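Worksheet for the structure shown next.
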Amino acid sequence: MEKSPDAFRTISEVADDLDLPQHVLRFWETRFPQIKPMKRGGGRRYYRPEDVDLLKGIRHLLYDHGYTIKGVQKLLKTNGNKFVAAIASGDMATMEAIMAANNDRAGGEPKIAPDDEDQIVGRAKAKSSGRFFGFGSGGEEDTLEVSIGKSSVGKEDRALLQEALFDLLECKRLLDQVR
């Protein structure tokens with residue numbers, strides 16, 4: 001028998017759904033104050049559907065996109081729970097609406113996350129292009145051309161290549177640890 005989409009879920013059901021061990025969900029509760037499952041007698045946790053959506057978003061950012069816990073915390077602080085939940089579901093309309101609302105309140109450019117520190121494992125300290133979510137064009141920036149042999153690479157492309165290199169080096173480091 002399948003539960004209703006609005007039904008509360010136990011920690012074992014959520015862990016199975018997200019393909020994570022239960023202790024990871026408990027750990028995330030200590031790192032993300034936005035995760036607030038209901039606790040019944042004996043400390044048994046029950047997750048609301050919106051808690052599960054938030055957990056899916058956090059998992060997606062941490063595991064699929066290589067964000068650090070600190071990076072996801074900043075993203076949650078900057079844009080809120082609904083934004084992170086929309087990332088996992090791929091709901092671009094909600095993401096754009098939240099970004100527009102944040103832009104109106106801030107009176108400036110939409111922020112994916114603060115630029116002062118790295119938020120992605122192995123990320124180069126280059127200015128964020130906003131390409132991760134498909135926002136921003138970077139068209140007004142100076143596109144300093146760097147000549148490499150017969151071709152040239154723009155400043156933004158060079159930063160993206162640098163990010164990819166750092167990501168690959170981090171992957172190599174992790175693989176070397178396993179061996």
**Study point:** Conditions (1) open to solvent by 20 Å² or more (accessible area, probe 1.4 Å); (2) modelled with pLDDT of 90 or more: number failed by L18
**Key:** (1)
Check your understanding: Taking the condition free of Cβ contacts under 8 Å to residues at least 12 places away in the same chain and buried (at least 16 other Cβ atoms within 10 Å of the Cβ), does L25 pass?
Key -> no
Practice item. State which residue is nearest to E163 (Cα to Cα) when the search covers only the range 81-98 and only residues that are modelled with pLDDT under 75 and open to solvent by less than 40 Å² (accessible area, probe 1.4 Å). Key: M95
Check your understanding: If you check T78 against the conditions, is it without any contact (Cβ under 8 Å) to a residue 40 or more places away in the chain, among the β-branched types (V, I, T) and surrounded by fewer than 14 Cβ atoms within 10 Å (Cβ to Cβ)?
Key -> no
Practice item. Mind listing just one residue for me: the one in the range 136-176 that is of a type in the set (G, A, S) and either under 22 Å from the mean Cα position of the chain (by Cα) or modelled with pLDDT of 75 or more (or both) and, of those, surrounded by the fewest Cβ atoms within 10 Å (Cβ to Cβ)? Key: S137
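The values are calculated or read from the model by the stated rules, or taken from the named source; none is laboratory data. Everything quoted here is computed from the prediction, not taken from an experiment. Don't worry about glycine lacking a Cβ; one is built from the backbone with ideal geometry, like all the others, and counts go over all protein chains shown. Keep in mind that these areas ignore ligands, DNA and RNA; they rest on the heavy atoms of the full protein, side chains included. Shrake-Rupley method; radii C 1.70, N 1.55, O 1.52, S 1.80 Å.
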